[in-house]
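Scroll down for the structure; my scribbles are underneath it.
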Amino acid sequence: MNNKIRVRIAPSPTGFMHIGTARTALFNWMFAKQHNGAFLLRIEDTDKDRSKKEFEDDIIKNLAWLGLEHDEFYRQSEHIENHTVNLKKLLDSNKAFWCAHTIKELEIEAEQQRAAKEPPRHICEHRDIGRTDGIIRLRNDATDSIVINDMIRGDITYDPRLFGDISLAKNISEPLYNFVVTVDDFDAKISHVIRGEDHITNTPKQILIGRALGFSEPMWAHLPLLLAKDRTKLSKRNGGLSVGDCRESGYIREAIINFIALLGWHPKDEIGEVLDLETITKEFDITRAQRGGAIVDTEKLDWLNREHIKRLPPDEQIKIAEPFISADLKKQIESRVDKYISAVMPRITKLTEINAAIKSIIDIPEYNADLLLWKGKIDRIKAKEILESILSDITDIETADVSLASLIKKEGTGPVLWPLRVSLSGNAISPSPYELLYALGLDEARARVRIAISKLDA
Ligand code: GLU
C-alpha cells in the first residue's frame, strides 16, 4: 500500500453516528481508495464526560455496515502520553505558557472587546511570568496571513491576530481539541484532512499549533455543511438522521451510500444518479465537491431506496427483507416467506413496510364484483368465463405464465390479467398477478378465483 495518502475520520463518540459523519467517512474512504492510500478511524474520546463506549460501538458497527472499512484504528485517549510530551515541548521552548485567568475574567474581557467592536480573543499577560497553574496556551505572535489551501474552496486567508493565544490544554494531561487533533494527525502521518466545513475556523489554529511544533502541514478539504430542506441547520427533527435509525427503518446500505455521496458532490450528468459504491468511487473527484450547503432531502433517500431495492438480485432481496418480518407473520406464511417477499419488494420504499405489504396480500379486502370488470369493457359473463378458464388452465404455479399466455393471446391482456389480479388481491392496485400467484400458491389462488366467480354469479 502506498502510505503517502493517509486520511482519517475523527468522530467524537458523544452521540449516535449521523449521516454527516457517514458522508465525511465516505469521502475520505473514496479518496483513500482512489489513491491506494489508507483510511484511518480515530475515535476522539478525550472528552471523558461526554464520550461513551456505546457511541463508539455504534460508529464502528455502522461504518462496517456501510462497507467503509478502516485500515487503521486509534483511540485518542490511548495517546495521552504523546500529547503530554508535545505539550511539554512547547512549554519548555517557551512557545506555550500557563494562563491563570479565570473564566469570569475571560468573559469580562470578551464582553469589553465585543462592546469595542473588536474580535474577542485573549492575548495573555501571563505569557512571561512563569506560572504553573491555569490552562496551557500557545503564544501566538504570528502576524503574517495564514492561507488555507483548500482542495474544494481554494485559498482561504485568515489574520492570525484574530485568534489571540490559542488554548491548548486544561492541564498537562488534559489536552483540548485543536491541540490533540494537530498532534494526532501528524503522528498518524495524515496527508489530507477532509472534514466538514464546521471545522474551517479550527484549521488556522491547527496550522499555528502545527507550525509551533515543527510539523509538516497536511492538505485540507472542507466539505459543505448539511442543511435541512428549508436551508436551516440540520437537526434531529428535520432530516438529521442517524445511520442506525436509517438502518432500522429499512433503508438499505446501497441507498444510504448513494444518498450521502450526493450530499456535496454530483457525478457527470450522463451517468445518472442511481449509483453503486464502485461507480461512485470511480467517478468521485474531491476537487469537484460543491462549496454551498448540501440539502438533506429524505424524499430523495426514499426514492434511492426504492431504486436500489429494485436493483438487488432476488436472493439478496429476500436476505435483507427477512429480518424485518415479524415472528407472527413468519409463522403464518411459513414456507412461503420468500415468495411473499419477492411479490411485495418492487413496491416497497422502506423494508419496515414489508409486514403491512404482505398482510395486505394475505388479508384480502371485501370488494365489489364490478371491480373485476376490466375498465368496464368486459361484462360479468365474460369475466366469469375468463376466470373459469384460468381455473381449469392453471394447475401448476411454475407454468402459470405459459397457461396464461395462451389465454391472453385469445382474449387480450387486460381482460385476462385484470380480473385475475383483482380476484387475487381484492384491490385495484396491487402487485402483478404473476407475483400474487407465486406468493399465494396454487390452493389459495384457486380459492380466491372461486370466490370471485361466486361474486359474479350473485
Ligand atoms: N472530533 C471532531 C468531530 O467529531 C472531528 C475532528 C476533525 O475531523 O478534525 O467533529
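Every read-out reported here was derived from the displayed coordinates using simple, explicitly stated rules and does not represent laboratory data. Because the structure is a prediction, the values reported are computed rather than measured. Here the Cβ is made from the backbone with ideal geometry for all residues, glycine too, and neighbour counts use every protein chain on show.
Above 20 angstrom, tally the Cα pairs of the range 86-166 and express them as a % of all pairs, no decimals. Tail of P(r) above 20 Å: 45 percent of Cα pairs. Between the listed residues ALA357, ALA116, GLN34, the Cα displaced farthest toward the positive end of the dipole of the chain, a dipole computed from Cβ unit charges relative to the Cα centre, is found at ALA116. Taking Lys and Arg as +1 and Asp and Glu as -1, the other residues whose beta-carbon sits under 15 Å from that of GLU444 total +2.
Once label points are set 7 Å from the Cα along Cα→Cβ at both LYS170 and ASN238, what is their separation, rounded to one decimal in nm? In this crude spin-label approximation the distance works out to 3.3 nm.
With neighbour counts taken as other beta-carbon atoms within 10 Å, the residues PHE259, PHE324 rank, fewest first, as PHE324, PHE259. Its convex hull of Cα atoms gives the chain a direction-averaged projected area, equal to a quarter of the hull surface, of 29.0 nm². In summary, the aspartates and glutamates within cross-link reach of LYS52, defined as a Cα separation below 17 angstrom excluding same-chain residues under 8 places away, comprise GLU44, GLU78. Exposure proxy shown here: for TRP374, TRP29, the number of other Cβ atoms within 10 Å sets the order, fewest to most, as TRP374, TRP29. Taking all Cα pairs closer than 8 Å and separated by 6 or more residues, the relative contact order of the chain comes to 12 percent. In terms of packing, defined here as the mean over residues of other Cβ atoms within 10 angstrom, the peptides 354-360, 286-292 line up highest first as 354-360, 286-292. Each Lys or Arg adds one and each Asp or Glu subtracts one; over the other residues with Cβ under 9 Å from the Cβ of TRP98, this totals +1. Put the Cα centre of the range 37-67 next to the Cα centre of the range 145-166 and the gap is 29 Å. When each of ARG253, ARG161 is scored by the number of other beta-carbon atoms lying within 10 Å, the sequence from fewest to most is ARG161, ARG253. For a 22 Å ceiling on Cα separation, which of these pairs sit above it: LYS377/LYS455; LYS205/LYS229; LYS95/LYS205; LYS331/LYS359; LYS4/LYS170? Result: LYS205/LYS229; LYS4/LYS170 exceed 22 Å. One decimal place: the segment ARG131-GLU322 gains 62.3 nm when fully extended, by the rule 0.36 nm per residue minus the C-alpha distance. Legend: residue pairs LYS33/LYS89; LYS53/LYS189; LYS189/LYS282, Cα-Cα distance threshold 32 Å; pairs beyond threshold, LYS33/LYS89.
Neighbours of TYR251, meaning other residues whose beta-carbon lies under 10 angstrom from its beta-carbon, give a summed charge of -1 when Lys and Arg score +1 and Asp and Glu score -1. Taking the Cα centre of the range 353-445 as the origin and placing charges on Cβ (Lys, Arg +1; Asp, Glu -1), which of LEU371, LEU404, GLY441 is farthest toward the positive end of the dipole? About the Cα centre, the residue reaching furthest to the positive side is LEU371. Max-minus-min Cα coordinates of the range 8-47 on each principal axis give 33, 20, 7 Å, with the largest extent listed first. Express the Stokes-Einstein translational diffusion coefficient of the range 239-368 in µm² s⁻¹, to the nearest whole number, given a Kirkwood radius over alpha-carbon pairs, 37 °C and a viscosity of 0.692 mPa s. Stokes-Einstein gives a translational diffusion coefficient of 201 µm²/s.
For the listed peptides 418-424, 432-438, 141-147, a ranking on the average number of other beta carbons within 10 Å per residue, highest first, reads 418-424, 432-438, 141-147.
Straight-line cross-link partners of LYS375 among the aspartates and glutamates, defined as a Cα under 16 Å from its Cα and at least 8 positions apart when in the same chain: GLU411. Here the simple spin-label model places points 7 Å from the Cα toward Cβ, and for ASP92 and ASP285 these points are separated by 4.8 nm. Panel values: the range 179-320, Kirkwood radius from alpha carbon pairs, Stokes-Einstein at 25 °C and 0.890 mPa s, translational diffusion coefficient 141 µm²/s.
Sorting 100-113, 445-458, 33-46 by average packing, meaning the other beta carbons within 10 Å per residue, from highest down gives 33-46, 445-458, 100-113.
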